[in-house]
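Participant: Below are the structure tokens for one structure; questions will follow.
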Amino acid sequence: MALSIVIKYNMADMKIYGFQKTTLLDYPEHVAATVFTGGCNFRCPYCQNGGLVTEPGRYGEVSAEEVWRHLEKRKGILDGVCITGGEATLQPDLEEFIRRVKAMGYAVKLDTNGYRPDVLQRLLEEQLLDYVAMDVKASKENYARAVGWIACTAGKNPEGPAVAQEDMEHGLDIGRIEESVALLQNSGIAYEFRTTAVKGLHTVEEFDRIGAWLAGSRAYFIQNYREEGEILCGSGLCSFSQEELEQMKRLAGKHIARVELRGVDTE
């Protein structure tokens, strides 16, 4: 019986470009492993995983069998798997991958930018997700700039990182983001929304509008930008001060009961 379960999964199209075997940070209240996929439909100037977004192949592909072996070996020690990117919802075999993870007894957390609400809806309907962390990149009117649809002029890089041509031809559809927000708010599962606050792309006042948009949500996290990793277009972008972040928290907190800060120096 176990053999038939293994045979029915086809991982040929699930591209894995990184595998963190143990993490206490990526999945709240879980000891987890993290799987990194490659490619993304956004080109956020401040993205810290720029290599995974634009050139995932240079990282070398991780065999799915390596992942399965590790998860089998760590049963009873790990209790969750986080799937992140890049943007995981672009992976053709994401659903099949998650089904196998769930069949092994693990909880699943998905990190997503929310631009594939059709995929998110399907995974929710099939009860394949236990936790979703969705990036809300900016207020609605600032979204195109925050995700790289409009060049990173604030970063003194007029060209900015290129967005996939097929996306540019159709333009940013904010309705997709709105649909994903609503799906999670009505999903009944644990979820969070989060925004990376970047001076040069966001304003403090903007977080009042983001909070109003996400009103009534379960949890909202504001994380401070840090210039580390492989930044796509970081020149001219910087972090906000703790005072500014606290002000953002107060503004968003007018609309959302639980608002927390991440990446804030407390010393």
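The values are calculated or read from the model by the stated rules, or taken from the named source; none is laboratory data. None of the values given here were measured: they were computed from a predicted structure. Cβ coordinates were reconstructed from backbone atoms using ideal geometry, including for glycine residues, and neighbour counts include every protein chain displayed.
Participant: Within 16 Å of the chain's Cα centre (by Cα), farther than 27 Å from SER239 by Cα and among the aliphatic types (A, V, I, L, M): is that true of VAL108 in this structure?
Facilitator: Taking the combined requirement at face value, the residue satisfies it.
Participant: Give the residue that is surrounded by the most Cβ atoms within 10 Å (Cβ to Cβ), with candidates limited to residues of the stretch 242-267 that are modelled with pLDDT under 95 and over 22 Å from the mean Cα position of the chain (by Cα). Write out each step before concluding.
Facilitator: Pass one, the stretch 242-267, residues modelled with pLDDT under 95: 262-267.
Now drop any that are not over 22 Å from the mean Cα position of the chain (by Cα), which leaves 265-267.
Values: ASP265: 8, THR266: 5, GLU267: 2.
Within the stretch 242-267, the match that is surrounded by the most Cβ atoms within 10 Å (Cβ to Cβ) is ASP265.
Participant: Is the stretch 37-49 home to any residue that is among the charged types (D, E, K, R) and closer than 22 Å to LEU201 by Cβ?
Facilitator: Here is the first cut: in the stretch 37-49, the ones among the charged types (D, E, K, R) are 43.
Adding the requirement that they be closer than 22 Å to LEU201 by Cβ leaves 43.
Yes, because at least one residue in the stretch 37-49 is among the charged types (D, E, K, R) and closer than 22 Å to LEU201 by Cβ.
Participant: Residues being within 13 Å of THR34 (Cα to Cα) and within 9 Å of the chain's Cα centre (by Cα): count how many of those fall in the stretch 84-102.
Facilitator: 4
Participant: If we keep just the residues of the stretch 140-189 that are among the β-branched types (Val, Ile, Thr) and in a loop (DSSP other than H, G, I, E, B), which is modelled with the highest pLDDT?
Facilitator: Residues of the stretch 140-189 that are among the β-branched types (Val, Ile, Thr), as a first pass: 147, 150, 153, 163, 174, 177, 181, 189.
Applying the additional criterion that residues be in a loop (DSSP other than H, G, I, E, B) yields 147, 150, 163, 189.
Numbers: VAL147: 93, ILE150: 64, VAL163: 43, ILE189: 98.
Checking each candidate, the answer is ILE189.
Participant: Could you check how many residues of the stretch 120-132 are aliphatic (A, V, I, L, M) and outside any helix (DSSP H, G or I)? Write out each step before concluding.
Facilitator: Taking the stretch 120-132 first, the residues aliphatic (A, V, I, L, M) are 120, 123-124, 128-129, 132.
Next, only the ones that are outside any helix (DSSP H, G or I) stay: 128-129, 132.
Counting residues in the stretch 120-132 that are aliphatic (A, V, I, L, M) and outside any helix (DSSP H, G or I) gives 3.
Yes/no matrix, rows are residues, columns are (1) surrounded by 16 or more Cβ atoms within 10 Å (Cβ to Cβ); (2) in contact (Cβ under 8 Å) with a residue 12 or more places away in the chain:
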| site | (1), (2) |
| --- | --- |
| LEU78 | yes, yes |
| CYS82 | yes, yes |
| ALA88 | yes, yes |
| PRO92 | no, yes |
| ARG99 | yes, yes |
| ALA103 | no, yes |
| THR112 | yes, yes |
| ASP118 | no, no |
| TYR131 | yes, yes |
